[in-house]
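To start, the structure under review is shown below, and the notes come after it.
The values are calculated or read from the model by the stated rules, or taken from the named source; none is laboratory data. What you see is a predicted model; the values in this text were computed from it and never measured. Cβ placement follows ideal geometry from the backbone for every residue including glycine, while neighbour counts extend to all protein chains displayed.
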Amino acid sequence: MTDADKAGEVRRSSGVAQNEVGGRQGVDRGRRRFLWVTGGLGLAWLGLAAYPIYRYLAPRPAPDPFGEEGRALVKKVSPADVAAPGSGANGSYGQRGCIVLRTPEGELRAFDSKCTHAGCNVNFAGDRIFCHCHGGMYDFGGKNVAGPPPRPLTPLRVFEENGVLYVAPTDRKQEG
Amino acid sequence: MNYPVWDVPFLGAGMVVAIIAIIHVLISHFAIGGGALLFVAELWSDRQPDGERIREWLHKYATFFLVYTTVFGAMTGVGIWFSIQLASPEGTSLLIHQFVFAWAIEWVLFLVELTLLYLYYYGWRKNSRRLQVALAGLYFVIAWGSLFVINGILTFMLTPGGWTIENRDMAAGFFNPGYLPSLLIRTLVMFLVAGLGGLLVAARLEEEGGLKERIVVFCSRWVLPAALLLPGLSYWYWKTLPSNTARLMAAGATGLGGGRLEVMTLFAVAAGVAGTLLVLGSLLYQVRPRALGVAGAMALFVVAQIGFLGGEFARELARKPYVIYDTLYSNSLWKHKAAEAGYRQQPYLSLTRWDPDVVPLTPQHGEWAFRLQCASCHTRSGYRGIIPRTESWTPLSGFKWLETMDQQGVPPPFVGTAEDRAAISSYIQSLHGKNVGAAEILAEAQADGRRRSDGGETREVMP
Amino acid sequence: MTVDDTRRDPGIPVAAGREERSPDPRFVPIPPEAEERSSDPRFVPIPPEAEERFSDSRFVTIPPEAEEALPPADTVTGKLGRAFFRRLPVWPLVEFLSKKKVPRHRHSFWYTIGSMALFFLVVQIVTGVLLMVYYSPSQPWSSVQRIVMEIPFGGLLRSIHHWSANLMLLALFVHLFSTFFMKAYRPPRELTWLTGLALLGTTMFLGFSGYLLPWDDLSFFATRVGISELEKMPLLGTWIAGLARGGPDVTVDTIGRFYPLHVVVLPLLLLAVLSVHLFFVQVQGVSEPDSFRALPPEQKRYHRFFSEYLVNEIPIWMALAALLVALSALFPRVLAPEADPAAAAPEGIKPEWYFMVPFQMLKLFPGSLELLGMALTGLIPVLFLVVPFVDRSVPADRRGRVATRVGVAFLVYLVAMTVWGMVS
């Protein structure tokens, strides 16, 4: 029911009363204004009561992929896979995807594989990093070189320990 | 540790106090707010062309008011005194002795209040109009005065402020941090309840000449101050709570501590939901005043009662495990005594004034120690029952848990020797239907202690 | 008369119409050639059949009483209302509902129980949908644990769902017996009664299927026991039990069956039967108790359903909502340890109170007498099903009195067995 309906109904239903007591338009208008106020208050209170339901549905914080140790094991990529310069592979850490590669200069790098355009996971395609969804392209430095991606890929710090690879947030990210 | 603990099966002594008090609180708020409504309605009726008929309704209201507040109010009021002195003699004694002067004022005000009410009620159509209006107004002022006094003592229990057991500064305890927000909240709420009472009496009016409509609209407006200001005032009140309490309340949305601490938050939610429904309900009768019926008005009264239940329970729970915050524990243990060196290591039953005279390590020992030290909060299987809380206990883990129970959550520090703990652990095992002697537990604990000191291993104490 | 009207019927001479209406001497008569210009020779006259189509049979004419009841045509609500009722010929329905009356008498309170049950159903749907957000049938216990321990106010919603389910069943039982004792099942309301029984049965199945979903040891063993009782039914028992469980024992596969039953199949069934039930109630009107019917017409008092009666229902729903939250705060539903099919059943395990009667009957008729116990339990719904076809006459005759006495005996029996089962 709309408020106008309510006001109209009150107008109708109180008509008899006011005729008897001396039909006063002012009282009628005053009551309508009063109804708007209480109606608004009622809605505000209703919002208060709906708060638990909002809290129940509110987004849950995503688990930190690096955990308490501050680093995460890289799965599906072994140090041998990225031993040669220019090699690279898609892997995963936590619940997320990553790309580990060795630049032709021999430097080991890793990026979170979530494309900065629309969130597809990008693919290591030999000489570059390519996104199948909309044709975005990144170079070995993670820089967006072609296609729609607006920003470079998120870099990760990668290191080898006991024959397995780990990634950790870069210092730059920590500063940010 | 004063008198034998009042052992109420299933409910627990505290719950009995709570049930009586929650009925009383609705009545007492009605008794004050209703006074304001009588006064305002008397004035209002003078400005209405059919004032005499409005005063007829007002007389019915006064009849309901008189019967409800004096009969039920007095019964439950005395009931509170009976029950709290049994549930916590030490706390009752402190409140009486600390606030003798305030109580004296309160009782004088109460007598004057009753006298004025009778003069008003029985002077209907006998007294002059001006006298009636004056009596109603004076009644409200005096009745509100009694709220002014009792509110200080009530809020003192949760937020003693500058009062300490050493300085015993009555003014600091009385005008404590929670005093003002609580006073304002209660004042607004009692206007709301007064309006609900008016709706209840108006529900039986016949719909003629628009009289019922105008009375219903008049009554449902009494919810407005509370609707406008309660959220802000509640926030202010929340800010005055001890920081630990406020933190628990805010975090209590999720099942902290196995979902047991959330209960305080849930009661606060219940109060909020009830408040919302009352605002919406009176809005409903603003829009459709003629539709008001007895069942609907009664239902709103039930909502108000549940709102009081939620609000007062949340406030009471906020104080746990104290009966006077940071001073006196619910089981009549003084915090400053518990902090004295060696106090907690004395045999527990020797500290009680009413010695049950039991042989150590017998089942009676455990039962009495449980009654005196635990039963002020925990029943066996009912409200806050100890049986579901000790499902995972072994005789030894219970024995160990008791020693450090004040660090494991809500309970106050344990007072008593290893024998006391063994006796209680044995008693709790017997509640689960297992027969483990207290002496056995003590021997097992000693063996365990030796093993641990030999092996040098430190193991976690089982919760 | 408008120009349109004259166009539709060329038989009416325009000038004649004018003369008829305004012989007013103050005005100069319009010359015929000017008149003719208004029917403009430049335009082709619209043939009558096209006119008719234009005034558009797709739209409904608004009945005069609707014109009167709707807000003025120049307001927004008035325009929207007219647009609506020109398209949908539902004004008779509005009229029917606006004239609907509910008798006022001292038994009136019992007539609100049905609406209470309806309110609980709404709460069940809302909280049920919210619980589905985090519940996962493949990880039943841990997802419920997450709801209770981790998600803000999840424990509250779960407790409300639990309490609302119980109170809904309680309301339905009270509704059943109040309808029974007020003899509302008599002709012409037999079908309303039968659909009501179907609703009770569906709700009990909803309770049974929902009970398993948290997969704690109480729910696991209660379901295992419940289905194995079903298994003992002669002839089809084993077959039905196997189908219900999806195997020889209650496993996570059983949840795979119970979950869609609980959240899709049974709710849809319930809503379908409920709409039939409510439709019957609307069409036939609320039954009047014998005492009310016997009153002379001038003493019969009624409430208008809209809005007097409905407005007074809302505070009752509000009280129930507040009650649900308060009960959930006082007695939250606890989650027992995860079901372990190999472990011993927990102590004092019992079905929910609404299944206590068959449970207690089976305890009373052990061994070879078990079938007798089941047959006696099965007799309960049969008796309720046949009563409208046995007790039919108004005012009550001998059969009516017998029905009342049987009803009292039944109520005592059900309450006694339930209480006995709960305390023993």
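Inspect all residues belonging to the stretch A:67-86 and state whether any of them is within 11 Å of chain B (Cβ to nearest Cβ) and either at positive phi or at pLDDT below 85 (or both). Working first, answer last.
Taking the stretch A:67-86 and keeping what is within 11 Å of chain B (Cβ to nearest Cβ), we get none.
There is no residue in the stretch A:67-86 that is within 11 Å of chain B (Cβ to nearest Cβ) and either at positive phi or at pLDDT below 85 (or both).
Residue-by-condition table, conditions (1) closer than 19 Å to C:GLY201 by Cβ; (2) surrounded by 11 or more Cβ atoms within 10 Å (Cβ to Cβ):
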| position | (1), (2) |
| --- | --- |
| C:LEU385 | yes, yes |
| C:ASP391 | no, yes |
| C:PRO395 | no, no |
| C:ARG398 | no, no |
| C:ALA409 | no, no |
| C:VAL412 | no, no |
| C:ALA416 | no, yes |
| C:GLY421 | no, yes |
* Structure fact -> The lone condition C:ILE151 fails out of (1) surrounded by fewer than 22 Cβ atoms within 10 Å (Cβ to Cβ); (2) assigned to a loop (DSSP other than H, G, I, E, B) is (1)
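Restricting attention to the stretch A:62-81, which residues are surrounded by 13 or more Cβ atoms within 10 Å (Cβ to Cβ) and either over 16 Å from A:ILE99 (Cα atoms) or of a type in the set (A, V, I, L, M, F, W, C) (or both)? Please lay out each step first, then the result.
First, pick out the residues of the stretch A:62-81 that are surrounded by 13 or more Cβ atoms within 10 Å (Cβ to Cβ): A:65-66, A:71-79, A:81.
Hits for the stretch A:62-81 are A:PHE66, A:ALA72, A:LEU73, A:VAL74, A:VAL77.
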* All positions within the stretch A:54-102 that are touching a residue at least 60 places away in the same chain (Cβ under 8 Å), in a loop (DSSP other than H, G, I, E, B) and among the hydrophobic types (A, V, I, L, M, F, W, C) -> A:PHE66, A:VAL74, A:VAL77
* Asked: Limited to the stretch C:332-342, what total is found for residues that are more than 9 Å from chain B (Cβ to nearest Cβ) and part of a loop (DSSP other than H, G, I, E, B)?
  -> 6
* Flag for B:ALA253 being within 8 Å of another protein chain (Cβ to nearest Cβ), at pLDDT 90 or above and either assigned to a helix (DSSP H, G or I) or closer than 26 Å to A:LEU57 by Cβ (or both) -> no
* **First in the stretch B:260-285 and in the same structural domain as B:GLY296 (by TED's automatic domain parsing), second anywhere and part of a helix (DSSP H, G or I) and hydroxyl-bearing (Ser, Thr, Tyr), Cβ under 6 Å, 6 or more apart** => B:SER282/B:SER220; B:LEU283/A:THR38; B:TYR285/B:SER220
* **Unique residue being charged (D, E, K, R) and under 26 Å from C:ILE314 (Cα atoms) when the list is B:GLU316, B:GLU340, B:GLU312, B:GLU367** => B:GLU312
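Based on what the data block shows, is C:VAL286 among the β-branched types (Val, Ile, Thr) and under 18 Å from C:LEU121 (Cα atoms)?
On the way: among the β-branched types (Val, Ile, Thr): yes; under 18 Å from C:LEU121 (Cα atoms): no.
Here the answer is no, as C:VAL286 does not meet what is asked.
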* **Test result for B:MET190, crowded, with 19+ Cβ neighbours inside 10 Å and in contact with a strand residue (DSSP E or B) (Cβ under 6 Å, 6 or more places away or on another chain)** => no
* Please work out which residue is modelled with the lowest pLDDT, limiting yourself to the stretch B:291-307 and to residues that are surrounded by fewer than 24 Cβ atoms within 10 Å (Cβ to Cβ) and more than 7 Å from chain C (Cβ to nearest Cβ). => B:VAL294
* Asked: Of everything in the stretch B:16-65 that's touching a residue at least 40 places away in the same chain (Cβ under 8 Å) and in a loop (DSSP other than H, G, I, E, B), which residue is surrounded by the most Cβ atoms within 10 Å (Cβ to Cβ)?
  -> B:GLN48
* Does C:ALA345 qualify as being assigned to a helix (DSSP H, G or I), in contact with a helix residue (DSSP H, G or I) (Cβ under 7 Å, 6 or more places away or on another chain) and either more than 18 Å from C:PHE109 (Cβ to Cβ) or hydrophobic (A, V, I, L, M, F, W, C) (or both)? -> no
* Structure fact -> Within the stretch C:132-155, of all residues that are of a type outside the set (Val, Ile, Thr) and within 11 Å of chain B (Cβ to nearest Cβ), the one nearest to B:THR265 (Cα to Cα) is C:PHE153
* Based on what the data block shows, is C:PHE85 touching a helix residue (DSSP H, G or I) at 6+ places or on another chain (Cβ under 7 Å), more than 13 Å from every other protein chain (Cβ to nearest Cβ), assigned to a helix (DSSP H, G or I) and surrounded by 18 or more Cβ atoms within 10 Å (Cβ to Cβ)? -> yes
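Report yes if some residue within the stretch C:134-145 is in contact with a Pro (Cβ under 7 Å, 6 or more places away or on another chain), part of a loop (DSSP other than H, G, I, E, B) and at pLDDT below 95; otherwise report no. Talk me through it step by step, then tell me what you get.
Residues of the stretch C:134-145 that are in contact with a Pro (Cβ under 7 Å, 6 or more places away or on another chain), as a first pass: C:140-141, C:144.
Checking the rest, the ones that are also part of a loop (DSSP other than H, G, I, E, B) come to none.
Checked against the condition, which is being in contact with a Pro (Cβ under 7 Å, 6 or more places away or on another chain), part of a loop (DSSP other than H, G, I, E, B) and at pLDDT below 95, the stretch C:134-145 yields no hits at all.
Quick check, is C:TYR309 on the phi < 0 side of the Ramachandran plot, assigned by TED's automatic domain parsing to the domain that holds C:LYS232, surrounded by fewer than 20 Cβ atoms within 10 Å (Cβ to Cβ) and hydroxyl-bearing (Ser, Thr, Tyr)? Please lay out each step first, then the result.
On the way: on the phi < 0 side of the Ramachandran plot: yes; assigned by TED's automatic domain parsing to the domain that holds C:LYS232: yes; surrounded by fewer than 20 Cβ atoms within 10 Å (Cβ to Cβ): no; hydroxyl-bearing (Ser, Thr, Tyr): yes.
Spelling it out, it is not the case that C:TYR309 is on the phi < 0 side of the Ramachandran plot, assigned by TED's automatic domain parsing to the domain that holds C:LYS232, surrounded by fewer than 20 Cβ atoms within 10 Å (Cβ to Cβ) and hydroxyl-bearing (Ser, Thr, Tyr).
Go through C:LEU97, C:LEU93 for me and flag whichever is on the phi < 0 side of the Ramachandran plot and either small (Gly, Ala, Ser) or free of Cβ contacts under 8 Å to residues at least 40 places away in the same chain (or both). Give the derivation first.
Values: C:LEU97 fails: either small (Gly, Ala, Ser) or free of Cβ contacts under 8 Å to residues at least 40 places away in the same chain (or both).
Going through C:LEU97, C:LEU93 in turn, just one is on the phi < 0 side of the Ramachandran plot and either small (Gly, Ala, Ser) or free of Cβ contacts under 8 Å to residues at least 40 places away in the same chain (or both): C:LEU93.
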* Structure fact -> Filtering the stretch C:270-327 down to residues that are small (Gly, Ala, Ser) and in a helix (DSSP H, G or I) yields C:ALA272, C:SER275, C:SER291, C:SER307, C:ALA319, C:ALA321, C:ALA322, C:ALA326
* For the stretch B:368-382, indicate whether the set of residues that are among the β-branched types (Val, Ile, Thr) and either part of a helix (DSSP H, G or I) or more than 20 Å from B:VAL323 (Cβ to Cβ) (or both) is non-empty. => no
* Structure fact -> Filtering the stretch C:298-331 down to residues that are more than 7 Å from chain B (Cβ to nearest Cβ) and among the polar types (S, T, N, Q) yields C:GLN299
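One line per residue, one yes/no per condition, for (1) within 14 Å of chain B (Cβ to nearest Cβ); (2) part of a helix (DSSP H, G or I); (3) in contact with a strand residue (DSSP E or B) (Cβ under 8 Å, 6 or more places away or on another chain):
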| position | (1), (2), (3) |
| --- | --- |
| C:THR127 | yes, yes, no |
| C:LEU130 | no, yes, no |
| C:LEU157 | yes, yes, no |
| C:PHE177 | no, yes, no |
| C:LYS183 | no, no, no |
| C:GLY196 | no, yes, no |
| C:GLY201 | no, yes, no |
* Residue that is more than 14 Å from chain C (Cβ to nearest Cβ), not basic (Lys, Arg) and not in a helix (DSSP H, G or I), where the choices are B:ALA341, B:ALA246 -> B:ALA341
